[in-house]
Protein chains: 2
Amino acid sequence: MSKSTPTPSAAIDAWARLQRASGAVLARVETRLKTDGFPPLGWYDVLLELSRAEDRTLRPVEIEKRMLLAQYNVSRLLDRLAAAGYIEKLKSPEDGRGVSVRLTSEGEALLKAMWPCYQAAVEAEFTNLLEPGDAETLWNVLGRLVR
Amino acid sequence: MSKSTPTPSAAIDAWARLQRASGAVLARVETRLKTDGFPPLGWYDVLLELSRAEDRTLRPVEIEKRMLLAQYNVSRLLDRLAAAGYIEKLKSPEDGRGVSVRLTSEGEALLKAMWPCYQAAVEAEFTNLLEPGDAETLWNVLGRLVR
DNA sequence: TCAAGATTGATGCACTTGCATAAATTTTCT
DNA sequence: AGAAAATTTATGCAAGTGCATCAATCTTGA
């Protein structure tokens, strides 16, 4: 039984470092996007989800689940994206309560324009700091946390 | 040279999962703290730093560096902590511009009161999901990201 | 069928964060 | 010493987030 569980302090240290590292790297990546005049990563994530979706359209509740955001945050994020013309809100045909959100061509253009910057930022602030095999290791270990 | 760098997609996937996993686990831990009537984790972190510091006192600029927070966020977080009585602000003796922030006995009491909840939350939402060795693995890999 | 309950999405209000900038020193450099 | 630059902290204002709650619709089940 002595090895069935990590040392408490090792686990707490890993927890602390997880929060610190992910926060620091995220901040650096966001800074690069902003420096290049792009909107925050959350905008990119929504547009990316839409671009992958059937008919480039999703319900807000789907976006909420995929992005792990609170309902009211999704609602307002979509407001901002719609106001900027990157998505459009349509009445949902199958559900009278709901809305459908569709990627516009401007949204698709933004997605394409952001990608090189985003990719370069992740590479510089994340990928290049790792050693071979680290990405796979992280992916595996962190997979246990996402359920 | 073929193996000197991870596959781009493996790195991007690891990046995405890092953000998702750390965000999700953080949210769950914060929820537990709030459910038990405690303030956010940021408050705990400040109090913990102070409790470890010489004379339980730090300059705001030190807290800023240790917690990787923006200067104005530190300034206001300390305002809230002082208003709640958990710290006190003193004129810095060595630097006329600066302030010194000292943990009060109420702050120390809060720190002690939060710890069991915090520890249990991390254990339930993080530690228990890991397998033996994962904590050390994470700590090592993530160490490359914190510089 | 139809009332009770669950789901979807929006919104008012308070609080927090980000940005730009100010004010008071301290440090550096000539 | 004295001017210029850097550091430390605070703050007004705009924007984003969390909470509670509402209105509309869909689903369930007697």
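The convex hull of the Cα atoms of the protein assembly as shown, projected and averaged over all directions, covers 20.0 nm².
Note that the range A:128-136 has calculated 3J(HN,Hα) couplings of 5, 8, 8, 9, x, x, 4, 4, 5 Hz, one per residue in order, obtained from phi through the Karplus relation 6.51 cos²θ - 1.76 cosθ + 1.60 (θ = phi - 60°); glycine and proline are x. The Cα-based radius of gyration and maximum Cα-Cα distance (Dmax) for chain B are 18.6, 58 Å. Among the listed pairs A:K65/A:K89; A:K89/A:K112; A:K65/B:K34; A:K34/A:K89; B:K34/B:K91; A:K89/B:K34, those whose Cα-Cα separation exceeds 24 Å are A:K34/A:K89; B:K34/B:K91; A:K89/B:K34.
Distance from the axis that maps chain A onto chain B is least for the Cβ of the chain A residue given, with the whole Å value, as A:S22, 2. Chain B packed on chain A takes about 4900 Å² of accessible surface away from a 1.4 Å probe, both sides summed. Legend: mean number of C-beta atoms from other chains within 10 angstrom of residue C-beta atoms, peptide B:118-126, equals 3.
Distant-in-sequence amide contacts of A:S100, defined by a placed amide H-H separation under 5 Å and a gap of 5 or more residues or a different chain, comprise A:L90, A:K91, A:S92.
Placing a label point 7 Å from the Cα of A:A82 along the Cα-to-Cβ line, the residues of the range A:9-48 whose backbone N sits under 20 Å from it are A:40, A:42-48. The other copies place their A:E136 label points at 2.1 nm from this one, listed shortest first, where each point is 7 Å from Cα along Cα→Cβ. Residue by residue along A:65-73, Cβ atoms of other protein chains within 10 Å of the local Cβ number 1 on average. Under 1.5 on a/c is rounded, so check that first for the range A:63-147, then, if it is not, pick prolate when a/b is larger than b/c and oblate when it is not; a ≥ b ≥ c are the square roots of the alpha carbon gyration tensor eigenvalues. Oblate. Annotation for B:A84, label-to-label distances across the other copies: 3.3 nm (shortest first, one decimal, point 7 Å from Cα along Cα→Cβ).
Considering only C-alpha atoms, what is the centroid distance from the range B:10-28 to the range A:77-117, in Å? The range B:10-28 and the range A:77-117 have Cα centres separated by 24 Å. Coupling constants for the range A:72-80 follow from the phi torsions by the Karplus curve (6.51 cos²θ - 1.76 cosθ + 1.60, θ = phi - 60°), and in residue order they are 5, 6, 4, 4, 7, 4, 5, 4, 5 Hz; glycine and proline get x. A Förster radius of 25 Å, combined with the Cβ-Cβ distance separating A:E131 from A:Y72, puts the computed FRET efficiency at roughly 0.05.
Ordering of A:129-140, B:82-93 by packing is A:129-140, B:82-93, highest average first (other Cβ atoms within 10 Å, averaged per residue). Multiplying the residue separation of A:A16 and A:R52 by 0.36 nm and subtracting their alpha-carbon distance yields 9.6 nm.
The values are calculated or read from the model by the stated rules, or taken from the named source; none is laboratory data. These figures come from a predicted structure and were not determined experimentally. Neighbour counts are summed over all protein chains in view; Cβ atoms, including those assigned to glycine, are modelled from backbone coordinates with ideal geometry. Heavy atoms of the whole protein, side chains included, go into the accessibility calculation; ligands, DNA and RNA do not. Shrake-Rupley method; radii C 1.70, N 1.55, O 1.52, S 1.80 Å.
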